[in-house]
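See below for the structure under consideration.
The values are calculated or read from the model by the stated rules, or taken from the named source; none is laboratory data. None of these values were measured; they are calculated from a predicted model. Note: ideal-geometry Cβ built from the backbone for every residue, glycine included; neighbour counts use all protein chains shown.
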Amino acid sequence: MKLRLRIALATVAAALPILTIVGWARMAEREAILQEARKDFVLERRLALAKMAGSSPSMAFPKVYPTRVLLPMALVTFTSVLLATGPIVRRVRRLTQEVRDSVKGNYQDTITVRGKDEIGELALAFMEAGKEIRSQMDRQLQREKTLRAFLENTTHDVMIPLTVLQGHLATFRERAARGEVLDASSILPAMNEAHYMASLVHNLAAAAKLEAGEPEAQLEPVNLNEVVARAVGRHAPIARQHAVKLDHAVPERPLLARGDVTLIEQAVSNVIDNAVRYNRRDGHVAVLLDRSEGGRFLLRVIDDGPGIPEEERARLAERHVRGNAARSRDPGGRGLGLNITSRVTRLHGWELCLSTADTGGLEVEIKGTIYDPSDGSPHTP
Amino acid sequence: MALPILLVEDDRNLGAQVVEHLQKTGFHTIWWTEGKVLTPADAAGVRLFILDLMLPGTYGMDMLKDLRAFSDVPVLILSARNDSVDKVRALKLGADDYLTKPFWPEELIERVRARLRRPNMQLEGGLEAGPVRIDLANRVVSVGEKCVELTRVEFDLLVALARRAEAAVTRRWLVENVLDPDRDGTERTLDVHVSRLRKKLGQESLIETVWGIGYRLRPGAGS
């Protein structure tokens, strides 16, 4: 509003003297013509009158000089318009310059033009737009960084088991070339490496997904019975090779939960993977999914392996450790897997609890809310 | 002869391996190396589809959509992309199950078997588990030609396990749903009932003890 008022005032200020001058000039011109026409007649009469009064004849005529008045008045108008619009133009110029500088500096520079008029508002709008662009760019950069870190970590972490696997294969080849008979157990370490590599890549992908903050978009009803069956199925071949008995039980009617199916499956898979991998020969792993009170589910993975001491359990499920830190602390161990499990359960608002099983091994519990499609919303405990 | 399994997988090495493992297990398999528009005739001659999602030609997801318009043949999806969007979409389009690469051959075979497994051997008003026949209406159990006398709890226990043959059932569930709550309903009592049931059926390995869980009826393991 203020800007419009100012421009209107400036226009009025500029128009007033112009109108005055034009009017004046036209009047003066008409007067001059009239005077010219009456000149002879009036001259004679005035001269006669002047003669009678005894005064100078020049006093009888008014002085009219239109061009001499017009020029200074035009100059005054011009100057007044310039003066009135000057501050506005200066602020617009400053804003333009600052916006240009801001664009050059990746929207880092702030706009200093202020004011309660439209220019001030425009400056504010530019600042808001700049802020939005900056946050978008930051997000993009963060995503790119996560992706690059993921690629680097994956490359680094996969290279190690891959090297071990190549070593195993080279040994097999040499032994086969010497005519030795390869027994099944000697191939097991190579299978372990391949299996480990697969879970590593799954976990690194899960970590990248968690760090990019994307999973919220993938909240869908997930059939937990099927998740358990698939996760058990993934590790069953390796468990068999290790002579670890891996079994599971699920309720007859499938239990649903709302979440990201890939992340949930990976979370469950990691717990089973650890229970199998750190078990002994002829050990057992049981995976139990059940309904519990208050519309909740309880998923338990129990083993009769060596278990984990209490202080290490706390460290493994530590809440604020990011994937990377967990990796470097416990490379190749259960660190990354349990860390992913812990973060996935937290993301879904579930609980993860590690304790010593009655069997002396490890018992991992995941508790969460059952999703009931009939009432359209998850149960609240 | 049973209908073949149709594998649609563009990777030559992986496709050849999958075919080899399926054939070795006894599943006759046809292999397409690229996606095609499916016709009802294609679907009618197949007992299970194994479908890769990333295919040249017709995209796997489109094949699934087309297929579901005229057929409910089971579909197992093979996916290299460990992406929830794809899986959720495939399941919504009517896929029965999916398997994420990499997988062990055993895992694939197990999943194929699970898809082809018939739901329980349901007879007229009864159940069959290996040599054991259960007449639900008359509450009579026979092994081969011989009738077996069972108590109420033993009969209910056998039915509970036979209904979910091949699946492990927890001790807790059996205690809560089979044992008489007014009497001594503990897991110890349950174990005693199971051991008596095994003896009466004369099929020791038919009912397996599952570590940390409970019991499982394995029709194939008996006799």
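Taking the conditions exactly as written (at pLDDT 80 or above, exposed (fewer than 13 other Cβ atoms within 10 Å of the Cβ) and of a type in the set (A, V, I, L, M)), does A:V89 satisfy them or not? For A:V89, the condition - at pLDDT 80 or above, exposed (fewer than 13 other Cβ atoms within 10 Å of the Cβ) and of a type in the set (A, V, I, L, M) - is met. Residues of segment B:27-40 include at least one that is surrounded by 19 or more Cβ atoms within 10 Å (Cβ to Cβ), out of contact with any strand residue (DSSP E or B) (no Cβ under 8 Å at 6 or more places or on another chain), away from chain A (no Cβ under 14 Å) and aliphatic (A, V, I, L, M). A search for C-beta distances below 9 Å between a residue of segment A:294-312 that is assigned to a helix (DSSP H, G or I) and any residue that is β-branched (V, I, T), counting only pairs 6+ apart in sequence or on different chains, returns A:E310/A:T356. Scanning segment A:196-250 for residues that are at the interface with another protein chain (Cβ under 8 Å from one of its Cβ atoms), out of contact with any strand residue (DSSP E or B) (no Cβ under 6 Å at 6 or more places or on another chain) and outside any helix (DSSP H, G or I) gives a single hit, A:E220.
Of all the residues in segment A:252-278, those that are under 19 Å from A:I302 (Cβ atoms), in contact with a strand residue (DSSP E or B) (Cβ under 6 Å, 6 or more places away or on another chain) and within 11 Å of another protein chain (Cβ to nearest Cβ) number 1.
Is there a residue being within 12 Å of chain B (Cβ to nearest Cβ) and modelled with pLDDT under 95 anywhere in segment A:310-320? There is no residue in segment A:310-320 that is within 12 Å of chain B (Cβ to nearest Cβ) and modelled with pLDDT under 95. Residues in segment B:180-211 that are assigned to a loop (DSSP other than H, G, I, E, B), closer than 25 Å to A:P251 by Cβ and touching a strand residue (DSSP E or B) at 6+ places or on another chain (Cβ under 8 Å): B:L206, B:W211. Inside segment A:255-305, can you point out the residues that are more than 24 Å from B:D86 (Cα to Cα), among the hydroxyl-bearing types (S, T, Y) and buried (at least 24 other Cβ atoms within 10 Å of the Cβ)? Within segment A:255-305, no residue meets the criteria.
Test B:E154 against the stated conditions and say whether it is farther than 27 Å from A:V301 by Cβ and in contact with a His (Cβ under 8 Å, 6 or more places away or on another chain). Yes, satisfied. Do we have B:D72 as assigned to a loop (DSSP other than H, G, I, E, B), away from chain A (no Cβ under 14 Å) and surrounded by fewer than 20 Cβ atoms within 10 Å (Cβ to Cβ) here? It is true that B:D72 is assigned to a loop (DSSP other than H, G, I, E, B), away from chain A (no Cβ under 14 Å) and surrounded by fewer than 20 Cβ atoms within 10 Å (Cβ to Cβ).
The residue that is surrounded by the most Cβ atoms within 10 Å (Cβ to Cβ), among those in segment A:167-193 that are β-branched (V, I, T) and farther than 23 Å from A:R234 by Cβ, is A:T171. If you go through segment B:79-102 and pick out every residue that is at the interface with chain A (Cβ under 8 Å from one of its Cβ atoms) and either more than 21 Å from the chain's Cα centre (by Cα) or surrounded by fewer than 17 Cβ atoms within 10 Å (Cβ to Cβ) (or both), you end up with 6.
Of the residues making up segment A:357-367, just one is more than 14 Å from chain B (Cβ to nearest Cβ) and of a type outside the set (K, R), namely A:I366. Within segment B:81-102, the only residue that satisfies the criterion of being part of a loop (DSSP other than H, G, I, E, B), modelled with pLDDT under 90 and under 20 Å from A:V228 (Cβ atoms) is B:N82.
The condition of being surrounded by fewer than 11 Cβ atoms within 10 Å (Cβ to Cβ), free of Cβ contacts under 8 Å to residues at least 12 places away in the same chain and in a helix (DSSP H, G or I) holds for only one of A:R100, A:R148, A:R139, that being A:R148. Close Cβ contacts (under 7 Å, 6 or more residues apart or on different chains) running from residues in segment A:1-29 that are closer than 30 Å to A:G120 by Cα and assigned to a helix (DSSP H, G or I) to residues that are modelled with pLDDT of 75 or more and among the acidic types (D, E) comprise A:K2/A:D117; A:L3/A:D117; A:L3/A:E118. A:R94 falls short on exactly one of the conditions (1) surrounded by 13 or more Cβ atoms within 10 Å (Cβ to Cβ); (2) in a loop (DSSP other than H, G, I, E, B), and that condition is (2).
Within segment A:272-293, the set of residues being part of a strand (DSSP E or B) and not β-branched (V, I, T) comprises A:H284, A:A286, A:L288, A:L289, A:D290, A:R291, A:S292.
Can you tell which of A:A257, A:A286, A:A229, A:A275 is under 26 Å from B:A162 (Cβ atoms) and in contact with a Gly (Cβ under 8 Å, 6 or more places away or on another chain)? Result: A:A286 is the single residue among A:A257, A:A286, A:A229, A:A275 that is under 26 Å from B:A162 (Cβ atoms) and in contact with a Gly (Cβ under 8 Å, 6 or more places away or on another chain). Filtering segment A:328-349 to residues that are of a type in the set (A, V, I, L, M, F, W, C) and either in a loop (DSSP other than H, G, I, E, B) or modelled with pLDDT of 85 or more (or both) leaves A:L338, A:I340, A:V344, A:L347. The single condition among (1) more than 20 Å from A:H284 (Cα to Cα); (2) within 14 Å of another protein chain (Cβ to nearest Cβ); (3) touching a Leu at 6+ places or on another chain (Cβ under 9 Å) that B:R218 does not meet is (1).
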